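Below is one structure, written out as structure tokens; the observations come after it.
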Amino acid sequence: MHLIIAIMLIQSVNINRIEDGNSLYLMDKDVSYYQTEWVRSYISNNYGFRTSQGCLDVERWYQEYDGKLKLPITESFDIDYFFYKKDGYNGHIETHELNFNYYKKFLKFTLSVSPNFFKMYDYGGIGVGFYKSKLLNLQLFLNLIDFDHNYATNRLYSDTLHDPYIEFPFQLELRGNFIAKLGYLNFDIKNTRESTKKIMYKETVIGYDNEKNYNGRIFSAISPLDNFTISCYSEWNYIGSQVDTFNYHYENILKTAFVEISLDYSTNIGNFHISFPFYYKFNKFYNFPDSTNYSKKMYGLTLGYSKNICKHTVLGLGYQRGIRERNIDDSLYVGGWGDLENRFVVSLEFNFSNKTRLNIIEGLELDKFPHIPINRIHNHTYIQIQYTP
């Protein structure tokens, strides 16, 4: 048990150091999110696939995948399948979710199941809500995470070290999709109540393990004028873990948040884009008697211009600037190497009948331009692909 906790602590500390090696992290996150019309097309369909991936550093590749399809059975019953995968500095997520849906007038009832190779990540739930169409719906779920944990521990580990739940990780989840001519709002928000496990050796309680988390994603956009759009993307995540035994105390809290506000204006000479990304991270470790507090804020600006250069092809040019400040154990780090970044961005977007879309984004170094060798001008590459019927 102590070995596992020590490994988790070491990995958490390394995550912050590794992430800080990528001083372009905010600018990468800004260009890695899908454009406004891409999002509208994806959330308006029952079928689709999209991926955004690119360079984090010389050893790691950021990857995010979304996939979904609907299996119609009868007029009042169908099955949805959702796939989501994300690999980044702060975690690795992979979920497969099956929703068995029953419709009654404007109500939707759902039985949700998500199997996983590691059963501790399994969850199941029931949902009920308002459903008019794919473009207008709202649903509340009650989920239970790791639902067969106690069954497994009682059968396999009762004579050795085991950790049955005494407070189960129930989760409330709110999903909504509102799409109209003037804009859209799409969200998935989850809050998992604090769970508690008894840490037991045979029949003796030797400590407790408490965990809590919440996370969410929101896509929104509004077009008050035909050629002007305001959009916002936000995501946040909180993970809290605490272990207390008779001779040991461990605590780890990780908070991350990203917000991007964008303005897009279309004219007959091209499209103009400006966005303001912000990223925040807080990480607290306590491993008796040692502790570490880490926090980081990143602010940015992206300016872009794009123009159709031929049928189905759009050329984009842009400029990005990022500012970073970190606080590690009450010591402020700002203004040093990597705390101020500038780069030029070139992109090529291929859009085939608003169904298959491909975007290639290349960053070019500007910080020391023109006093920089040509072999160092490359400054991260990102690729986005999306298909909707």
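Things worth noting here:
- Set K105, K29, K70: member being closer than 25 Å to G125 by Cβ, of a type in the set (D, E, K, R) and either buried (at least 16 other Cβ atoms within 10 Å of the Cβ) or out of contact with any Phe, Trp or Tyr (no Cβ under 8 Å at 6 or more places or on another chain) (or both): K105
- Of all residue pairs spaced 6 or more apart or on separate chains, those with beta-carbon atoms under 6 Å, a first member in the range 216-237 that is more than 26 Å from N283 (Cα to Cα) and at pLDDT 95 or above and a second member that is among the acidic types (D, E) and crowded, with 16+ Cβ neighbours inside 10 Å are T229/D264.
- The range 266-294, residues that are of a type in the set (F, W, Y), surrounded by fewer than 16 Cβ atoms within 10 Å (Cβ to Cβ) and under 26 Å from E325 (Cβ atoms): F276, Y280
- Of residues in the range 199-236 being open to solvent by 60 Å² or more (accessible area, probe 1.4 Å) and in contact with a Pro (Cβ under 8 Å, 6 or more places away or on another chain), the one farthest from E167 (Cα to Cα): I230
- Which listed residue is at positive phi, open to solvent by less than 60 Å² (accessible area, probe 1.4 Å) and not β-branched (V, I, T), from G338, G304, G318: G338
- Among the residues of the range 184-197, those identified as open to solvent by 30 Å² or more (accessible area, probe 1.4 Å) and of a type in the set (D, E, K, R) are D188, K190, R193, E194.
- Check on T356, within 30 Å of Y42 (Cα to Cα) and open to solvent by 30 Å² or more (accessible area, probe 1.4 Å): yes
- Scan of the range 73-90 for residues that are among the small types (G, A, S) and open to solvent by 30 Å² or more (accessible area, probe 1.4 Å), ordered by number: S76
- Residue satisfying all of: in the range 31-60; at pLDDT below 95 and in contact with a Gly (Cβ under 7 Å, 6 or more places away or on another chain); farthest from L303 (Cα to Cα) among these: D57
- K181 meets each of the listed conditions (1) closer than 23 Å to C232 by Cβ; (2) open to solvent by less than 80 Å² (accessible area, probe 1.4 Å) apart from (2).
- For the range 54-91, the set of residues classified as more than 11 Å from the chain's Cα centre (by Cα) and of a type in the set (G, A, S) consists of G54, G67, S76, listed by residue number.
- Those strands (runs of 3 or more DSSP E) lying entirely in the range 112-170 with at least 1 residues open to solvent by less than 70 Å² (accessible area, probe 1.4 Å) and under 30 Å from L182 (Cβ atoms): 123-133, 136-145
- Extreme residue, farthest from I145 (Cα to Cα), among residues of the range 191-214 that are of a type in the set (A, V, I, L, M) and in contact (Cβ under 8 Å) with a residue 12 or more places away in the chain: I206
The values are calculated or read from the model by the stated rules, or taken from the named source; none is laboratory data. This structure is a prediction, so every number in the text was calculated from the model and none was measured. Neighbour counts run over all protein chains shown; Cβ positions are idealised from the backbone, glycine included. Quick note on the areas: whole protein, heavy atoms, side chains included, nothing else; ligands and nucleic acids left out. Shrake-Rupley method; radii C 1.70, N 1.55, O 1.52, S 1.80 Å.
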